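*Asks:* Below is a structure I'd like to ask you about.
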Amino acid sequence: FWYPGDAVATNASTNWEWGVVAGPWVAYGRWTERMVAAWEAEHEASAAPEPGEVPFPREVERTVADGRERISISPAELAVHGFGVKVVWKLCAGAQQWNGQFYSRCDNMSAVMVMDAGRARAPGMAEALVIVREAETGGAGERRLKSLLQHIGTLDSKVADLLSRGDVEEAKRMVVERYGYCTEVALPEAYLREVEDRLCAAFSRDAEGAW
């Protein structure tokens with residue numbers, strides 16, 4: 001059950017949104033302010049110099065949406081790959097023959113490297129990897145989905161990128177143009193909030209240097 005080309009792709013953006021495309025299926029959403037606050041706190045803590053250390057100048061990029069500084073988005077990118085796995089599970093529900101494998105694409109190289117290595121040291125990335133592995137396992141009695149993550153340039157990940165920046169209608173138009181239709185998939189709200197809770201806790205450990 002390998003998807004060719006860019007049929008499955010995920011993205012998380014610094015506009016604080018995320019998007020998944022899997023063939024003609026799309027899913028998208030927005031992180032809560034609590035998640036963003038935890039994210040920014042981790043970023044500020046990691047950027048603070050140790051006593052006596054000369055601060056290292058950080059490259060700062062501004063987002064068009066709200067002017068916030070860009071922070072490390074890698075844990076969110078990896079967690080959203082887990083959302084992509086959830087969407088592919090839905091696609092597989094009616095499949096009679098498939099080998100339980102697929103690959104997806106994202107434009108975050110750190111997420112790709114952690115998936116390849118199968119481990120991560122930083123709490124945020126480690127928790128995101130666990131989220132992906134749990135998504136692959138599915139429910140009780142389910143077969144396991146094995147996912148691989150490949151790197152794709154941001155300009156090539158058009159639909160997922162548009163979804164993660166709130167341009168849903170243009171993303172859906174592109175999907176319809178390719179497949180003839182587009183189906184929106186809503187992931188359970190309770191699941192999304194659970195993922196946020198776990199990532200927030202991991203960001204706190206990152207900020208405390210507990211690793």
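*Asks:* Are any residues in the stretch 155-196 in a helix (DSSP H, G or I) and acidic (Asp, Glu), and if so, which ones? Can you show your working first?
*Replies:* Taking the stretch 155-196 and keeping what is in a helix (DSSP H, G or I), we get 158-164, 168-179, 189-196.
Correct list: ASP161, GLU169, GLU170, GLU177, GLU189, GLU194, GLU196.
*Asks:* Six or more apart or on different chains, Cβ atoms under 9 Å: show the pairs whose first residue is in the stretch 30-41 and under 10 Å from GLU196 (Cα atoms) and outside any helix (DSSP H, G or I) and whose second is β-branched (Val, Ile, Thr) and at pLDDT below 85.
*Replies:* Pairs that qualify, where the first residue is under 10 Å from GLU196 (Cα atoms) and outside any helix (DSSP H, G or I) and the partner is β-branched (Val, Ile, Thr) and at pLDDT below 85: there are none.
*Asks:* Report whether or not LEU148 is modelled with pLDDT under 95, part of a loop (DSSP other than H, G, I, E, B) and either of a type in the set (Val, Ile, Thr) or within 18 Å of VAL8 (Cα to Cα) (or both).
*Replies:* It is false that LEU148 is modelled with pLDDT under 95, part of a loop (DSSP other than H, G, I, E, B) and either of a type in the set (Val, Ile, Thr) or within 18 Å of VAL8 (Cα to Cα) (or both).
*Asks:* Out of the residues in the stretch 96-108 that are surrounded by fewer than 21 Cβ atoms within 10 Å (Cβ to Cβ) and in contact with a Leu (Cβ under 8 Å, 6 or more places away or on another chain), state the one that is modelled with the lowest pLDDT.
*Replies:* GLY100
*Asks:* Which pairs do you get when a residue that is closer than 13 Å to ASN15 by Cβ, found in the stretch 158-174, comes within reach of a residue that is open to solvent by 40 Å² or more (accessible area, probe 1.4 Å) and in a helix (DSSP H, G or I), reach meaning Cβ atoms under 8 angstrom, with the pair 6+ apart or on two chains?
*Replies:* Close Cβ pairs satisfying both conditions: LEU162/GLU170; LEU162/MET174.
*Asks:* What about ALA122, is it under 28 Å from SER204 (Cβ atoms) and aliphatic (A, V, I, L, M)? Spell out the reasoning first.
*Replies:* Details: under 28 Å from SER204 (Cβ atoms): yes; aliphatic (A, V, I, L, M): yes.
Criteria met by ALA122.
*Asks:* Can you say whether ARG193 is more than 16 Å from PHE83 (Cβ to Cβ) and open to solvent by 20 Å² or more (accessible area, probe 1.4 Å), as far as the supplied structure shows?
*Replies:* no
*Asks:* Here's another thing I want to ask about it. Could you please find all residues in the stretch 105-122 being more than 22 Å from GLY19 (Cβ to Cβ) and of a type in the set (A, V, I, L, M)?
*Replies:* Scanning the stretch 105-122 gives ALA117, ALA120, ALA122.
*Asks:* Something else: Considering every residue within the stretch 139-157, establish whether at least one is surrounded by 15 or more Cβ atoms within 10 Å (Cβ to Cβ) and closer than 18 Å to TRP31 by Cβ.
*Replies:* There is no residue in the stretch 139-157 that is surrounded by 15 or more Cβ atoms within 10 Å (Cβ to Cβ) and closer than 18 Å to TRP31 by Cβ.
*Asks:* Out of the stretch 55-95, which residues are of a type in the set (A, V, I, L, M, F, W, C) and at pLDDT below 50?
*Replies:* Residues satisfying the conditions are PHE56, VAL60, VAL64, ALA65, ILE71.
*Asks:* Check off (1) at pLDDT 95 or above; (2) open to solvent by 30 Å² or more (accessible area, probe 1.4 Å) for VAL175 and give me the number that stays unchecked.
*Replies:* (2)
*Asks:* Separate question: Filter the stretch 1-13 for residues that are more than 11 Å from the chain's Cα centre (by Cα) and open to solvent by less than 10 Å² (accessible area, probe 1.4 Å); which is modelled with the highest pLDDT?
*Replies:* Here the residue is VAL8.
*Asks:* Can you tell me which of (1) surrounded by fewer than 20 Cβ atoms within 10 Å (Cβ to Cβ); (2) modelled with pLDDT of 90 or more; (3) hydrophobic (A, V, I, L, M, F, W, C); (4) under 15 Å from TRP25 (Cα atoms) is the one LEU163 doesn't meet?
*Replies:* (1)
The values are calculated or read from the model by the stated rules, or taken from the named source; none is laboratory data. Source: prediction; values computed, not measured. Note that we place each Cβ from the backbone using ideal geometry, even for glycine, and neighbour counts take in every protein chain shown. For accessibility, only protein heavy atoms count, side chains too; no ligands or nucleic acids. Shrake-Rupley method; radii C 1.70, N 1.55, O 1.52, S 1.80 Å.
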